[in-house]
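Throughout, read-outs are computed from the coordinates displayed, never taken from laboratory work. Quantities reported herein were computed from a predicted structural model and do not represent experimental measurements. Cβ: placed from backbone, ideal geometry, glycine included. Neighbour counts: every protein chain shown.
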Amino acid sequence: MIIAILKEITSGEHRVSAIPATVKIMVKKGMIVKVEAGAGEGSHISDNDYKDAGADIVSDRRSLLADADLVLKVAPALDEEISFFKDGSTYVSLFQTTKHLNQVKKFSEKNMSAFSMDNIPRTTMAQSMDALSSQSNISGYKAVLMGATHLSVYMPLLMTAAGTIPPAKVLILGAGVAGLQAIATAKRLGAQVESFDVRPVVKEQVESLGAKFIEVDANEDDGVGEGGYAKETTEDYKKRQQELIKKHIAKSDMVVTTALIPGKPAPILIPKHMVDVMKSGAVIMDLAAENGGNCELTIPGEVVTHNGVIIDGTLNLPSTMPVHASQLYAKNIVSFVNHLCPEGEINMNLDDEIISGALFTHNGEITHEPTKEALETILKPNA
C-alpha cells in the first residue's frame with residue numbers, strides 16, 4: 001500500500017502530517033511511504049530526514065497522488081489537490097465536513113473513502129488519535145502568550161521599590177482542552193484567572209489549576225453535549241450567562257474565548273455591548289475565529305481595535321508552533337492509520353466506532369449524517 005504525505009499549500013499552514021519517527025512506524029508495517037519534496041520544510045524537517053526514515057521523496061505532486069492509496073494531510077484538501085487524487089483512494093486530514101461541502105461532494109464523486117480527524121470519537125480507545133485535543137492544547141498556550149504581548153500591563157504581581165503592581169485579570173471562556181491550557185499558562189505567568197463554562201463538570205479541573213470557576217445556576221445537563229462537547233443552551237440560560245459574563249468581563253485585562261459547537265457557527269459570547277464596557281487596553285483572544293468567533297466584533301484572520309480594546313482573530317495558532325504541532329498531529333495520524341490498517345492494508349470495518357465515526361464519504365455516498373443534512377439544506381432551493 002502506498003501512502004502519500006503532501007506538502008501543505010494552504011496559506012499559513014506550516015504543519016506536516018508525518019514526521020520521520022512516524023514514517024518509520026509505517027514503513028515497518030510494510031507500507032510504502034512517499035513524501036512530497038519540501039513537505040517538512042515548515043516544520044524544519046528536511047527531505048533527507050524523511051529519506052533516512054525510509055520514505056521516497058517525490059517532487060511531482062500529480063504523479064505522487066496518481067499512485068497513492070492513502071493520502072495524509074493536515075489542512076482540508078483544496079480543489080486542485082482533489083483533482084489529482086486517484087479514484088477509490090482513501091484520504092485523512094483535519095476537516096470540518098459541514099463547512100467544506102464542495103470538497104465533500106468531490107470526494108464522493110471520486111468514490112473515495114474520506115476521514116476527518118475532527119470527527120474522531122472522544123473515547124478512551126481513540127485518545128491517541130484525538131487531534132483536536134492535541135492541537136487545541138497548543139492554541140490555548142499560544143493564545144495567552146500572544147495576548148500578553150498585546151497587553152500594556154504586567155501579567156504577574158510585582159512588589160517593587162516604586163510601588164506594587166497588581167496581577168493582570170484574565171478571564172477564560174470555555175474550559176475544554178484549549179481553555180484549561182490557557183488557564184495553566186496564564187497562571188504560570190502570574191495572572192489572576194477566572195473561567196466560565198456551560199458544563200458544571202469541569203469546575204474541579206478549573207479549580208485544580210488555581211483558577212476561580214464562574215457558574216450560572218442551571219440544570220446540570222443544560223450545556224453538556226455528546227462526547228463531553230458543549231451544546232447549545234436554553235434562551236433563559238443564555239440571558240443569565242450574558243449578565244454574568246458582562247459583570248466579570250468589565251474587570252478583565254485579557255479574555256480568551258474557546259467556545260465551539262461541532263458542526264455549527266461559534267456561539268456569540270461577547271456581543272458589542274460587552275466590549276463597550278471593557279477597559280481600554282484590554283485584549284480579547286478569540287480562538288473560535290475560524291468558525292466566526294465568540295466575539296461579535298471579531299474579524300477572522302485579523303487583529304482589530306474597538307474603543308481601545310484589542311480583538312485578536314488570528315487563525316490556526318497551532319501552525320505558529322509547527323515543530324511540536326506536527327509532532328503531536330503526526331502521532332495522532334499514525335495511531336489512526338495503525339487502527340485503520342492493522343495488517344498494513346486498509347481494513348474498512350464499518351462496525352468499528354472510530355472508523356465509522358471519522359468516515360464522511362465512502363463508495364460514492366456521504367456517510368456523515370450532519371454533513372449530508374447540511375448539503376441537502378443547501379441543495380433544496382435549487383431542487
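Treating the angle as unsigned and between 0 and 90°, give the value, to the nearest 10°, between the Cα long axis of helix 235-249 and the longest Cα principal axis of the chain.
Here the helix axis deviates by roughly 60 degrees.
Would you calculate, for the chain, the mean residue ellipticity at 222 nm contributed by helices, counting each DSSP H stretch of 4 or more residues as -39,500 (n - 2.57) and dividing by all residues, to the nearest 500? Walk me through the numbers before you get to the answer.
Working: 13 runs with 128 residues, N = 383.
Per the formula, -10000 deg cm²/dmol.
Can you give the FRET efficiency for Ser152 and Asp87, using 1/(1 + (r/R0)^6), R0 = 41 Å, r = Cβ-Cβ distance, to the nearest 0.05? Please report the intermediate quantities before stating the final value.
Numbers: r = 57 Å, r/R0 = 1.38.
E(calc), rounded to 0.05, equals 0.15.
Do any GluC sites (Glu not before Pro) in the range 310-383 lie in a loop, going by DSSP, with at most 16 other beta-carbon atoms within 10 Å of their beta carbon, and if so which? Please report the intermediate quantities before stating the final value.
Values: sites: Glu343, Glu345, Glu353, Glu365, Glu373, Glu376; in loops: Glu343, Glu345.
Within the range 310-383, the qualifying GluC sites (Glu not before Pro) (loop, at most 16 other Cβ atoms within 10 Å) are Glu343, Glu345.
How tilted is helix 177-188 with respect to the longest principal axis of the chain? Cα atoms for both, answer in degrees (0 to 90, nearest 10).
So the inclination is approximately 50 degrees.
What list of ³J(HN,Hα) couplings, whole Hz, do you get for the range 309-326 from phi and the Karplus terms 6.51, -1.76, 1.60, once you set θ to phi - 60° and write x for glycine and proline?
My calculation for the range 309-326 gives 8, 8, 10, 9, x, 3, 9, 6, 4, x, 5, 7, 10, x, 5, 6, 4, 5 Hz in order.
Pulled fully out, how much extra length does the chain show between Phe213 and Asp56, if you take 0.36 nm times their separation in residues and subtract their Cα-Cα distance? The partial results should precede the final answer.
Working: separation 157, 0.36 × 157 = 56.52 nm, distance 5.14 nm.
Working it through step by step, the gained length comes to 51.4 nm.
Per residue of the range 192-209, in order, report the coupling 6.51 cos²θ - 1.76 cosθ + 1.60 (Karplus, θ = phi - 60°) as ³J(HN,Hα) in whole Hz, putting x for Gly and Pro.
Result, rounded to whole Hz: 8, 10, 10, 9, 10, 8, 6, 9, x, 5, 8, 3, 4, 5, 4, 5, 5, 8.
Rounded, prolate or oblate: which fits the range 27-91 when a ≥ b ≥ c are the square roots of the eigenvalues of the alpha-carbon gyration tensor, with rounded for a/c under 1.5 and prolate only if a/b beats b/c?
On the way: a/c = 1.93, a/b = 1.35, b/c = 1.43.
It comes out oblate by the Cα gyration axes.
Once you charge only the Cβ atoms, +1 for Lys and Arg and -1 for Asp and Glu, what is the size of the charge dipole of the chain about its Cα centre, to the nearest 20 debye?
Numbers: 36 positive and 48 negative charges, 197 e Å.
Result for the chain is approximately 940 debye, rounded to the nearest 20.
Hey, with R₀ at 56 Å, roughly what FRET efficiency would Leu78 and Thr164 work out to, going by the Cβ-Cβ distance, to 0.05?
On the way: r = 54 Å, r/R0 = 0.96.
Here the calculated transfer efficiency is 0.55.
Report the one residue of Ala325, Gly364, Met348 whose Cα lies farthest in the direction of the positive end of the charge dipole of the range 278-376 (charges on C-beta: Lys and Arg +1, Asp and Glu -1; origin at the Cα centre).
Ala325
Output wanted: per-residue J couplings in Hz (rounded whole) for the range 331-342, from phi through Karplus 6.51 cos²θ - 1.76 cosθ + 1.60, θ = phi - 60°, x for Gly and Pro.
Whole-Hz 3J(HN,Hα) from phi for the range 331-342: 6, 4, 5, 5, 5, 5, 4, 4, 6, 6, 10, x.
What is the calculated FRET efficiency for Arg122 to Glu243, with r their C-beta to C-beta distance and R₀ = 41 Å, to the nearest 0.05?
Values: r = 31 Å, r/R0 = 0.76.
The pair Arg122/Glu243 has a calculated efficiency of 0.85.
How much net charge surrounds Lys169 when only other residues with a Cβ under 14 Å from its Cβ are counted (Lys, Arg +1; Asp, Glu -1)?
Local net charge: +3.
Against the longest alpha carbon principal axis of the chain, how many degrees, from 0 to 90 and to the nearest 10, is the axis of helix 131-150 turned?
Around 40 degrees separate the two axes.
Would you mind counting up the charge near Ile32? Only other residues with Cβ under 10 Å from its Cβ, with Lys and Arg at +1 and Asp and Glu at -1.
-2
Assign unit charges at the C-beta atoms only (+1 for Lys and Arg, -1 for Asp and Glu), then state the dipole size of the range 137-315 relative to its Cα centre in Debye, rounded to the nearest 20.
Details: 17 positive and 21 negative charges, 118 e Å.
That gives the range 137-315 a dipole magnitude of about 560 debye.
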